[in-house]
Every structure is written in structure tokens, then in C-alpha cells.
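Novice: The structure is given below, and queries will be raised subsequently.
Every read-out reported here was derived from the displayed coordinates using simple, explicitly stated rules and does not represent laboratory data. Treat the numbers as computed from the prediction; the structure is a model and nothing was measured. Note that we place each Cβ from the backbone using ideal geometry, even for glycine, and neighbour counts take in every protein chain shown.
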Amino acid sequence: MPRMLDVSNEVRAEIGDEEADRLLAGDSAPGGYDCTSCRTPGDPEQERTSTVLFVGDETAVLAFAHSTCLPSQVVQVTEEQLRGAVRSISGDAAAPTAPVQNAQAAQTAPAQAAPYQAAAPYVVPEQAVLGVTSGLVLIAGELHPALVVEPTSPVARPGALGSGDDFLPLLIEQGFMPVTELSTAPSVLHGWSVLLAVGQLHAVLQPNPNGGQPVAWWQAHQPLQVTEGWRAAANKHQQVLLFAAPVGSIGRQPREDLLRDALDRAAANGRLVTAALPLAGL
């Protein structure tokens with residue numbers, strides 16, 4: 001039976017025609033795999049399967065996903081992100097990845113779920129520290145995967161003098177929209193994306209001001225575990241809602257209902273911006 005494998009032109013250009021043809025012929029693709037997006041089994045002989053190539057500075061890893069979860073694509077990541085993803089995977093389960101060129105093969109293990117988690121902070125160029133929390137947010141009767149970003153100190157505009165906080169204005173200039181209530185899901189902000197690797201949250205990517213591959217706006221020091229419910233909602237919507245508020249607006253809330261209350265207060269006070277970011281990852 002022919003394999004229902006999708007190899008995009010972008011992936012083919014990176015791995016070469018010979019390797020792409022071997023994949024399509026089934027010589028180097030797995031008979032079965034764990035989808036590296038939704039983490040459920042897949043079979044390229046029974047359902048359309050995407051090849052997703054993650055490329056670091058020195059390492060490339062080819063992964064497989066249901067085509068309904070992710071299209072075939074190339075995702076540029078840092079070497080640290082890629083090696084961290086490989087290190088985070090146990091070798092006791094079925095392999096979803098195959099080596100390409102000098103790639104490291106990887107194998108999957110289920111992520112440990114938690115109600116919701118806050119990521120390790122990330123220092124942005126303005127020397128503020130961003131805290132990122134993942135959780136599910138109910139909007140118009142439907143659960144959406146969300147990331148909530150709040151700095152631990154004011155964010156100054158690069159080169160600005162004084163102690164003002166330009167965090168929200170800077171994001172609005174990038175296309176994020178102010179919101180006064182959480183009644184409808186925000187529009188997609190193209191060019192930005194959320195990077196999921198082997199079922200874990202690695203980074204929020206933004207357009208490269210110099211052109212080329214996107215760059216990290218926020219990057220986890222260690223991959224952030226997300227719940228199965230959060231991951232399922234992300235795969236369903238193929239996007240993640242990002243909410244951002246200035247320092248002191250949200251706080252570290254211990255439960256999702258309290259997090260939602262804090263978001264509602266920030267929105268009512270005009271201290272919240274949001275956008276829907278597409279998924280980029282395996």
C-alpha cells in the first residue's frame with residue numbers, strides 16, 4: 001500500500017531529492033509513529049502524514065505528524081532548543097523522528113501534565129524579565145489554549161530615557177490588539193507563531209526584522225510541559241491565544257479560574273493586548 005506521506009518543497013530543498021524520494025518510498029520513514037504535535041499514534045499507510053524538519057545551527061531532526069495537525073514544513077530553531085527537545089525525550093517509546101544528514105534521531109515519551117504552568121522567565125533586550133503562563137481560557141463557550149505574558153518590571157522602548165513602561169505600545173505596534181473584554185477570540189497575527197516541540201512549549205517566535213527565518217521573542221530556558229487538554233485544544237484550533245499585560249496586572253495565579261479573573265480585570269482596566277498565533281512545531 002502506498003504511503004500517504006507529504007514532503008513539502010521546502011522540506012525537499014533541505015533534505016535533498018534522494019532523501020525525499022527514499023521517504024516517499026518508505027525506505028526511511030517509520031511504519032508507525034507518535035504524532036509529534038498531538039502525541040497520538042499515526043500510520044503513514046492509513047492517513048496523510050506530514051514531514052516536519054527542525055533545523056538548528058548544527059543539527060537537523062525530521063519528525064512526523066498527522067497532516068490534520070501540522071503541514072509539512074521547515075522550522076528554524078536554535079541549536080539549544082533542538083538539543084533540549086531531543087534530551088527531553090525518553091528512548092522507551094515509539095520513534096517519531098528520523099535522522100537527516102547529521103540529525104539526531106529521537107523517541108517520544110508522554111509529557112507530564114499539570115493544571116497549568118508558568119515558564120521560566122526570559123530576559124528581553126530591555127532587561128525586563130518575561131513570565132509566561134500556559135492555561136485554557138473559555139471564550140464564547142469554547143476552550144482555547146492561551147499563553148499569558150507579564151514582565152516583572154517596566155519595559156522601556158529601546159533608546160528611550162526615563163522610567164516609562166512601553167510594553168503594550170510596543171506590542172500594539174507589532175500588531176497585537178487592545179481588548180476590553182474576553183468575549184471573542186482575537187484575529188490571527190501572521191508572522192508570529194508558537195513553537196511546540198515534541199509536545200512541549202519552547203518559544204514564541206516573531207518576524208525577523210532583517211528578513212529570513214523568524215526569531216525568538218520569548219524562549220523557555222527549559223521546555224515547558226503543557227497539559228494534554230491544552231495540547232489538544234492547540235491542535236484543534238491550530239493556534240494559541242497570547243495575552244500580554246504590563247507588570248502588576250496579572251500576577252502568579254495558582255488556578256486557571258483565578259487567572260481568568262485576572263485577565264478580565266486587566267482587560268476592563270485597559271491593560272491587556274492579545275492576538276492569535278499559529279502553531280509552528282512538532
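Novice: Let me spell out the model: positive unit charges on the Cβ of Lys and Arg, negative unit charges on the Cβ of Asp and Glu, origin at the Cα centre of the range 118-281. What dipole size does that give, in debye rounded to 20?
Specialist: Dipole size: approximately 200 debye.
Novice: Where does each of T68, T49 land when they are ranked from fewest to most other beta-carbon atoms within 10 angstrom?
Specialist: By the 10 Å Cβ count, ascending: T68, T49.
Novice: Tell me, in nm to one decimal, what length is gained between A185 and A140 on full extension, where the rule is 0.36 nm per residue of separation less the Cα-Cα distance?
Specialist: 15.4 nm
Novice: Let me ask something else. Using the number of other C-beta atoms within 10 angstrom as an exposure proxy, rank C69, C35 with the fewest first.
Specialist: In order of increasing Cβ crowding within 10 Å: C69, C35.
Novice: Then there's this: Report the extension gain between E58 and D17 in nm, rounded to one decimal, defined as 0.36 nm multiplied by the number of residues separating them, less their alpha carbon distance.
Specialist: Using 0.36 nm per residue and subtracting the Cα-Cα distance, I get 12.7 nm.
Novice: Mind listing the phi-derived Karplus ³J(HN,Hα) values for the range 182-188, rounded to whole Hz, using 6.51, -1.76 and 1.60 with θ = phi - 60°, and x for any glycine or proline?
Specialist: Each residue's phi maps through the Karplus curve to give 9, 9, 9, 6, x, 6, 6 Hz.
Novice: Name the residues whose placed amide hydrogens come within less than 5 Å of the amide hydrogen of T227, ignoring near sequence neighbours (fewer than 5 apart) on the same chain.
Specialist: Counting only residues 5 or more places away or on other chains, the set is A114.
Novice: Of Q213, L168, P158, which is farthest towards the positive pole of the range 157-282's charge dipole, taken about the Cα centre with +1 and -1 on the beta-carbons of Lys, Arg and Asp, Glu respectively?
Specialist: Among Q213, L168, P158, the one farthest towards the positive end of the dipole of the range 157-282 is Q213.
Novice: Sticking with this one: Which whole-Hz couplings ³J(HN,Hα) result when phi for each residue of the range 144-151 is put into the Karplus expression 6.51 cos²θ - 1.76 cosθ + 1.60, θ = phi - 60°, listed in order with x for Gly and Pro?
Specialist: Once θ is set to phi - 60°, the couplings for the range 144-151 become 10, x, 9, 10, 10, 10, 9, x Hz.
Novice: Rank the residues E142, E256 as a footprinting-exposure proxy: fewest other Cβ atoms within 10 Å of their Cβ go first.
Specialist: E142, E256
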